[in-house]
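First comes the structure, then the notes that go with it.
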Amino acid sequence: MAELPVREGSVLARTVLRVTGIGRRYAGIPALTGVTMDVRAGEVLAVVGENGAGKSTLLKILSGVIAPSDGVIEQVDANGTSVPLQMENVREAARAGIALVHQELNLAENLDVAGSIFLGREPARFGFLKRATMMREAREWLHRVGLNVDPSTQCESLSIAQRQLVEIAKALSTQAKILILDEPTSSLSAREAARLLAIVKVLRASGVAIVFVSHHLDEVLEIADRVLVLRDGQQTGILNRDACDRATIERLMVGREIAAPAARVLPVDAQVRLQVQSLQTVHHRRHRISFEVRAGEIVGLAGLVGAGRTEVLEAIAGVTSSAGHASLDGIALTGNASQRVCEGVALVPEDRARNGLFLQDSVSMNLSLAWIGQHRQRGLVNRQGERAIVNHMISRMRVQPPAPARRVQTLSGGNQQKSVIGRCLAVNPKLLLLDEPTRGVDVGARAEIHAEVRRLADTGSAVLFASSELEEVLMLADRILVMHEGRILGEFAARDATEVAIMHLATGGTA
């Protein structure tokens, strides 16, 4: 394939890492085959593909988490001399100047921010930690990623967006020459994502080589110098910046055109299923909100991080305490989250790894858990029925690989998300609550998830979801409620909404 010319005015775009014919097999089954690419200083190489396409496997190989079954990885010095790398562990990759920021956050929650940033690399003298140095340097790295948090703050108290930025600060603090970012904006608001992309551009200009994995093709088109596309574990193309457009990337990713969904038509006399009156959440006690969701309706909650969307969903689901009144089909929702599940409420949480999945358990157990709770008789589980519903949901949600006994932890992020949503759909809930339903999910899987949500709504269920992506809100919702600092500032029918109008209210503008 044609080499990308060095950007005009740049002397930094030289190869620092060369990958030739890289592959990985598990029990003889290929997860990745024949990937060849160059990683160049002063450039952003985007890696895109559907969930299960091999992106995670490629990143694990590049960062030393797993060793390749085939192929060669070489480090290239300033003189163009290549040196083979063994890449048998993370330490070898670190010595080669490679740092990976994982999609699933892994900060030590019992440490403060400074301790997490320098974990394993703490500055010390005579066996004593140099806390003042740690705090000063941590504050500098946090400032570089635009995070205004005291380094002494405990990590467990941070939001997901803040944790993501701390992870990036931690990677930058290693002075990495090659920075691998796996879905770095998946937990960030539009404003925070824009700030991160600006940081990436600064790093690129300083000569850092960046491998950028994202399902947000708008971000890829904005920031990438080249795009590597994977499908079914194989490389389907490397596109230069001047050859990139959304349709071409999607076609290489999924092997087909992705059709726009047909417009939904709701009956004008649909009954109210969810009614919320004077709801007051724990983090926004100054405001009370009221709204309704009708049978068959999909309502989106839009707003910036901290607007209170998650708190509303968790209050309705009984996860957190609240004041006010919420009813489903005219019956008050009371009790804890388990009781509300029995009343027909299902919640897909924002953080699937912490709150949505039993990572050490099987796909089967994670998919069938809610179904078992509703179909257990005299304490006994209908194993035949359980197997049937698990196989049905694996097929319906297109979970890959279709292996019920496999530990859900080994699935890609998108297939983990499908497992969480599949567990909720398995019980046909009266009310489905979704918090960031397609976070970390590729364009093909997003279309599949949206189709299943629409299918559930078509049966008469009410759907209420929160998403930081305005594109998703406009694509999925029939009606949009815009939140700001715990209040609903405005409402749009989907046909009348625009990104500009939504953002105007989300930032506190008047209706």
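The values are calculated or read from the model by the stated rules, or taken from the named source; none is laboratory data. Given the structure is predicted, the values throughout are model-derived calculations rather than measurements. When we count neighbours, we look across all protein chains shown, and the Cβ atoms used for this are built from the backbone with ideal geometry, even at glycine.
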Checklist line | Tally, over the stretch 21-45, of residues that are over 17 Å from Arg226 (Cα atoms), in contact (Cβ under 8 Å) with a residue 40 or more places away in the chain and β-branched (Val, Ile, Thr) | finding: 2
Item checked: Out of Val83, Val48, sole residue that is over 21 Å from Val227 (Cβ atoms), assigned to a strand (DSSP E or B) and at pLDDT 85 or above -> Val83
Check: Counting residues that are at pLDDT 90 or above, of a type in the set (Ser, Thr, Tyr) and under 23 Å from the mean Cα position of the chain (by Cα), which helices (runs of 4 or more DSSP H) fully inside the stretch 400-508 reach at least 1?
Finding: 413-425
Checklist line | Meets criteria (part of a strand (DSSP E or B), touching a residue at least 12 places away in the same chain (Cβ under 8 Å) and not assigned by TED's automatic domain parsing to the domain that holds Asp70) for Val276 | finding: yes
Notebook entry, point to check: Of the residues that sit in the stretch 200-216 and are within 30 Å of Thr310 (Cα to Cα) and modelled with pLDDT of 85 or more, which one is surrounded by the fewest Cβ atoms within 10 Å (Cβ to Cβ)?
Noted result: Val200
Next item on the list: Hey, can you tell me all the residues within the stretch 113-123 that are in contact with a helix residue (DSSP H, G or I) (Cβ under 9 Å, 6 or more places away or on another chain) and either surrounded by fewer than 20 Cβ atoms within 10 Å (Cβ to Cβ) or closer than 19 Å to Ser56 by Cα (or both)?
Entry: Leu119, Glu122, Pro123
Check: Does Asn89 satisfy the condition of being closer than 22 Å to Ser173 by Cβ, surrounded by fewer than 16 Cβ atoms within 10 Å (Cβ to Cβ) and assigned by TED's automatic domain parsing to the domain that holds Arg25?
Finding: yes
Next item on the list: Mind counting the residues in the stretch 345-367 that are among the small types (Gly, Ala, Ser) and more than 22 Å from Ser186 (Cβ to Cβ)?
Entry: 3
Note to self: I'm trying to understand the selection: among the residues of the stretch 68-79, which are in contact with a strand residue (DSSP E or B) (Cβ under 8 Å, 6 or more places away or on another chain) and touching a residue at least 24 places away in the same chain (Cβ under 8 Å)?
What the structure shows: Pro68, Ser69, Asp70, Gly71, Val72, Ile73, Glu74, Gln75, Val76
Notebook entry, point to check: Hey, which of the strands (runs of 3 or more DSSP E) in the stretch 282-389, taking only ones fully inside, have at least 2 residues that are hydroxyl-bearing (Ser, Thr, Tyr)?
Noted result: 322-328
Next item on the list: Please specify each residue of the stretch 86-105 satisfying the condition of being touching a helix residue (DSSP H, G or I) at 6+ places or on another chain (Cβ under 8 Å) and closer than 28 Å to Ser159 by Cα.
Entry: Ile98, Ala99, Leu100, Val101, His102, Gln103, Glu104, Leu105
Next item on the list: Specify which of the listed residues (Val363, Val348, Val319) is touching a residue at least 60 places away in the same chain (Cβ under 8 Å), within 30 Å of Leu107 (Cα to Cα) and β-branched (Val, Ile, Thr).
Entry: Val348
Check: So, in the stretch 139-159, of the ones that are within 26 Å of Val202 (Cβ to Cβ) and touching a strand residue (DSSP E or B) at 6+ places or on another chain (Cβ under 9 Å), which residue ends up modelled with the lowest pLDDT?
Finding: Cys155
Check: Under the condition of being polar (S, T, N, Q) and under 20 Å from Lys430 (Cβ atoms), which residue from the stretch 342-381 is surrounded by the fewest Cβ atoms within 10 Å (Cβ to Cβ)?
Finding: Gln374
Margin query: Just the residues that are assigned to a loop (DSSP other than H, G, I, E, B) and either small (Gly, Ala, Ser) or touching a Phe, Trp or Tyr at 6+ places or on another chain (Cβ under 8 Å) (or both), please, taken from the stretch 111-126.
Written below: Gly120
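So that you can scan it fast, the table gives a plain yes or no per residue for (1) surrounded by 17 or more Cβ atoms within 10 Å (Cβ to Cβ); (2) closer than 19 Å to Ser467 by Cα; (3) at pLDDT 90 or above; (4) not assigned by TED's automatic domain parsing to the domain that holds Ser461:
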position: Arg286; (1), (2), (3), (4): no, no, no, no
position: Glu292; (1), (2), (3), (4): no, yes, yes, no
position: Val305; (1), (2), (3), (4): yes, yes, no, no
position: Arg309; (1), (2), (3), (4): yes, yes, yes, no
position: Glu314; (1), (2), (3), (4): yes, yes, yes, no
position: Ser321; (1), (2), (3), (4): no, no, no, no
position: Leu328; (1), (2), (3), (4): yes, no, yes, no
position: Ala332; (1), (2), (3), (4): no, no, yes, no
position: Arg340; (1), (2), (3), (4): yes, no, yes, no
Next item on the list: Could you figure out which of (1) of a type in the set (Asp, Glu); (2) in a strand (DSSP E or B); (3) in contact (Cβ under 8 Å) with a residue 24 or more places away in the chain isn't true of Glu92?
Entry: (2)
Check: Within the stretch 237-271, restricting attention to residues that are assigned to a helix (DSSP H, G or I), surrounded by 15 or more Cβ atoms within 10 Å (Cβ to Cβ) and within 23 Å of the chain's Cα centre (by Cα), which residue is modelled with the lowest pLDDT?
Finding: Val254
Next item on the list: Give just the number: which of (1) among the acidic types (Asp, Glu); (2) surrounded by fewer than 20 Cβ atoms within 10 Å (Cβ to Cβ); (3) within 24 Å of Ile29 (Cα to Cα) does Asp458 not satisfy?
Entry: (3)
